[in-house]
1. If you wrap a convex hull around the Cα atoms of the chain, how much volume per residue is inside, in Å³?
2. Report the Cα centroid-to-centroid distance between segment 1-50 and segment 51-106 in angstrom, as an integer.
3. If a paramagnetic tag sat 7 Å from the Cα of GLN97 along the Cα-Cβ line, which residues of segment 46-69 would have the backbone N under 18 Å from that point?
4. Using a cut-off of 12 Å between beta-carbons, work out the net charge of the residues near ILE41 (Lys and Arg +1, Asp and Glu -1, ILE41 not included).
5. Which residues' amide hydrogens lie under 5 Å from the amide hydrogen of ALA11, considering only partners 5 or more residues apart or on another chain, with H built in the peptide plane?
Amino acid sequence: MARALVNVPKAAKQGEVVEIKAMIAHPMETGYRVSPNGSNIPRDIIRRFACTYSGEEVFSADLFPAVSANPFIAFTLIATTSGTIEFTWTDDAGTAQTASAMITVS
């Protein structure tokens, strides 16, 4: 299972553009590498990353084998209301994990 470090401003003014950052600790194994014993290392990548703000999807990305290990994703959004920013990522096995952070808008 992957872990994530998320960076969301604790507070923002209404209408302010804020930068959101997430780094997911994940090997992003392509399935093309060979282990020391000569067998292929099985593919294990994050396929989709999505972010919701107060329940509405504001950012999503489909990831592919060319993405490096521990992917770092950064994007901006406009702070409209106080609420939860939730991050969800889904891997090859269909397992979804989430992380969240609160933002207070004044």
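FYI, it's all coordinate maths here, none of it is from the lab. Please read these numbers as outputs of a predicted model, since none were measured by experiment. Positions of Cβ are backbone-derived with ideal geometry, glycine not excepted, and every protein chain shown enters the neighbour counts.
1. In the chain, the Cα convex hull volume per residue is 84 Å³.
2. Rounded to whole Å, the Cα centres lie 10 Å apart.
3. The answer is 46-52, 61-65, 67-69, whose backbone nitrogens lie closer than 18 Å to the label point.
4. Once positives and negatives cancel, what remains is 0.
5. THR104
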